[in-house]
Every structure is written in structure tokens, then in C-alpha cells.
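The values are calculated or read from the model by the stated rules, or taken from the named source; none is laboratory data. Predicted, not measured: the structure shown is a model, and the values here were computed from it. Methodologically, a virtual Cβ is constructed for each residue, glycine included, from the backbone with ideal geometry; neighbour enumeration extends over all protein chains shown. What goes into the accessible areas is simple: the full protein's heavy atoms, side chains included, and nothing from ligands, DNA or RNA. Shrake-Rupley method; radii C 1.70, N 1.55, O 1.52, S 1.80 Å.
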Amino acid sequence: MGASRSSSKAAAGREKDREFCKALLSYGYVSPEQVLQLVAQMPLDDKAMRALRATIRRWAKATAGES
């Protein structure tokens, strides 16, 4: 599973996917760096990539220190 599933779920943007991604980050199953690296490989335009990266960073910050 890992980072590739997390990045695709983050792009989907559904509430259930947000919670799933935050849990993966919180429990250390993926690192923010792993997920962020995969964003460039996704079929998204520049604006969507920037937004997705910002979302992932926000989730990583919110989950820092949890578990």
C-alpha cells in the first residue's frame, strides 16, 4: 500500500480519504516526503499539484506528534 495509495487518496479529497491519509502519516506508515515525491508523477496540472502538496503538508503538520 504505502505512499502511492496515500497520494491518490489525498488527490481524491473525500473526507474518508482525508482521515485515512492522516492516519497513515500519524502512525508513520508513510512519510510526508514519500507522498510529496509521488505528486509529480500524478496526472495533475500545476495548480492541482500545488494544492495537493499544500494539503499533504497541512495534514503532516496536523498529525505531527500524534499516535
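Within the stretch 1-30, count every residue that is part of a helix (DSSP H, G or I), in contact (Cβ under 8 Å) with a residue 40 or more places away in the chain and open to solvent by 60 Å² or more (accessible area, probe 1.4 Å).
1
How many residues are surrounded by 10 or more Cβ atoms within 10 Å (Cβ to Cβ) and under 18 Å from Arg5 (Cα atoms) when one looks only at the stretch 42-57?
11
For the stretch 31-61, what are the residues that are of a type outside the set (A, V, I, L, M, F, W, C), touching a residue at least 12 places away in the same chain (Cβ under 8 Å) and within 16 Å of Arg18 (Cβ to Cβ)?
Within the stretch 31-61, Pro32, Arg53, Thr55, Arg57 qualify.
Only one residue in Ala48, Ala60 is assigned to a helix (DSSP H, G or I) and over 12 Å from the mean Cα position of the chain (by Cα), so which one is that? Don't jump to the end; show me each part of the working.
Details: Ala60 fails: over 12 Å from the mean Cα position of the chain (by Cα).
Only one candidate passes the filter, namely Ala48.
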